[in-house]
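Asks: Mind looking over this structure? Questions follow.
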Amino acid sequence: MDQSNKSTKVRKTRKSSRTLFEPTDEQRRQVEEMAGFGLPERLIAKSMNIDEAILNRCFKNELDVGIIRANIKVAENLFRQAIKDDPKSISVAIFWAKTRMGWKETITNETRISFIERDHLDLEV
């Protein structure tokens, strides 16, 4: 990822000498990708050499959409793996069923006490 800001567009406002940051298409792509990887916003801002407030203001959509698009790619890949006719796909299918379909493995603990043991344990029946 390019950490330089050489291609950053900056323009001055009419009312003040303050400059406005205008992100390039490449910077937008990079921010969306880093957000998709789950990087914290402070690290994304640091890698782009901008303030976190500017990141949030200028890249709001990329920050919001990045993780969604990454999840879609992973889900598509998982789904393709889960439906293959291959013994290796069983674990992927189980993972999909647990995480996406709400399936779960349950453990039932059963304790059996005979009448003789129960009398010695002073349990109420």
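The values are calculated or read from the model by the stated rules, or taken from the named source; none is laboratory data. Quick caveat: nothing in here was measured; it's all calculated off a predicted structure. We place every Cβ from the backbone using ideal geometry, glycine too, and count neighbours over all the protein chains shown.
Asks: Within the range 1-45, how many residues are farther than 24 Å from Asn71 by Cβ and either within 22 Å of the chain's Cα centre (by Cα) or at pLDDT 90 or above (or both)?
Replies: 2
Asks: Please go through the range 36-56 and pick out each residue that is in a helix (DSSP H, G or I) and free of Cβ contacts under 8 Å to residues at least 12 places away in the same chain.
Replies: Arg42, Leu43, Ala45, Lys46, Glu52, Ala53
Asks: Could I ask something else about it? Modelled with pLDDT of 85 or more and over 18 Å from the mean Cα position of the chain (by Cα): which single residue out of Arg69, Arg112, Arg80 fits that description?
Replies: The conditions single out Arg80.
Asks: Related question: Just to check your reading of the model, which residue among Lys88, Lys60 is among the charged types (D, E, K, R), under 19 Å from Glu26 (Cβ atoms) and without any contact (Cβ under 8 Å) to a residue 12 or more places away in the chain?
Replies: Lys60
Asks: Here's something else I'd like to know. Please enumerate the residues belonging to the range 46-60 that are surrounded by 16 or more Cβ atoms within 10 Å (Cβ to Cβ) and under 15 Å from Leu20 (Cα atoms).
Replies: If the condition is that a residue be surrounded by 16 or more Cβ atoms within 10 Å (Cβ to Cβ) and under 15 Å from Leu20 (Cα atoms), then Ile50, Leu55, Cys58, Phe59 are the ones that fit.
Asks: What pairs come out if I take residues in the range 102-122 that are at negative phi and pair them with residues that are surrounded by 10 or more Cβ atoms within 10 Å (Cβ to Cβ) and modelled with pLDDT under 75 whose C-beta lies under 8 Å away, six or more apart or interchain?
Replies: The qualifying pairs are Leu121/Ile113.
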